[in-house]
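Okay, structure first, notes after.
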Amino acid sequence: AIQYYINENDFETSDKYLVKFSRLIREFFELSKEQLVSVEREIQLLSNYLALEQLRFKGKLNYIFEIDPELDRNDKLPSMLLQPIVENAVNHGIFHKETTGTVLLKFLRISNDEIQISIQDDGKGYQVNKEGDRLKSTSVLEDRLKFLRETGVWEITVERKEAFPEKKDKGHKVCFQLKRLTDEKI
């Protein structure tokens with residue numbers, strides 16, 4: 001995207017994109033050292049990523065955050081868990097869509113020790129954009145979940161399904177249930 005804007009002599013947009021991209025990369029490096037991240041920081045990271053993608057998609061991407069008012073934004077989540085799924089929603093869902101697409105992220109408090117997070121897109125759907133039998137990020141996610149479960153701190157389930165089975169663009173929805181297995185509040 002940066003190269004495209006440079007080739008088009010749109011230096012203002014390429015500069016804006018490069019600044020946002022460098023900030024995002026810095027955030028990823030910082031978070032890669034952390035085991036846990038606050039809900040607030042995760043939302044900020046995902047928002048920064050989606051804002052960058054919005055520039056690349058030139059108005060063809062919308063995103064919405066729905067955050068339960070009962071959710072404490074200081075609650076902790078495993079780091080580096082959601083971004084690959086959001087990236088898939090953009091690159092394998094919205095990218096192939098002919099019209100403007102939307103990524104919806106919902107954060108819901110279930111109990112003091114349990115949070116539900118869903119990531120949904122209204123793109124073409126998982127089956128249409130399947131690469132081989134599995135997306136690379138699916139394998140990375142499974143490895144990450146296995147590690148988190150082995151710590152004994154987290155019980156995490158993931159459900160994947162079509163978001164809109166009745167529509168042409170079926171979309172995709174990934175729903176995480178994250179339960180902390182200690183007495184502490186998440």
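Annotations
- Residue that is more than 23 Å from ASP143 (Cα to Cα) and free of Cβ contacts under 8 Å to residues at least 40 places away in the same chain, where the choices are ASN48, ASN62: ASN48
- Within region 19-38, being farther than 16 Å from LEU77 by Cα and either loosely packed, with under 15 Cβ neighbours inside 10 Å or without any contact (Cβ under 8 Å) to a residue 12 or more places away in the chain (or both) holds for VAL19, SER22, ARG23, ILE25, ARG26, PHE29.
- Qualifying residues in region 127-173 (those that are within 17 Å of ILE110 (Cα to Cα) and in contact with a helix residue (DSSP H, G or I) (Cβ under 6 Å, 6 or more places away or on another chain)) - the one modelled with the highest pLDDT: ILE156
- Evaluation of ARG41 against the conditions (1) at pLDDT below 85; (2) buried (at least 16 other Cβ atoms within 10 Å of the Cβ); (3) more than 20 Å from ASN91 (Cα to Cα) shows that the sole unmet condition is (1).
The values are calculated or read from the model by the stated rules, or taken from the named source; none is laboratory data. Just so we're clear, the structure is a prediction, and the values are computed from it rather than from any experiment. Every residue, glycine among them, receives a Cβ derived from its backbone with ideal geometry; neighbour counts consider all protein chains shown.
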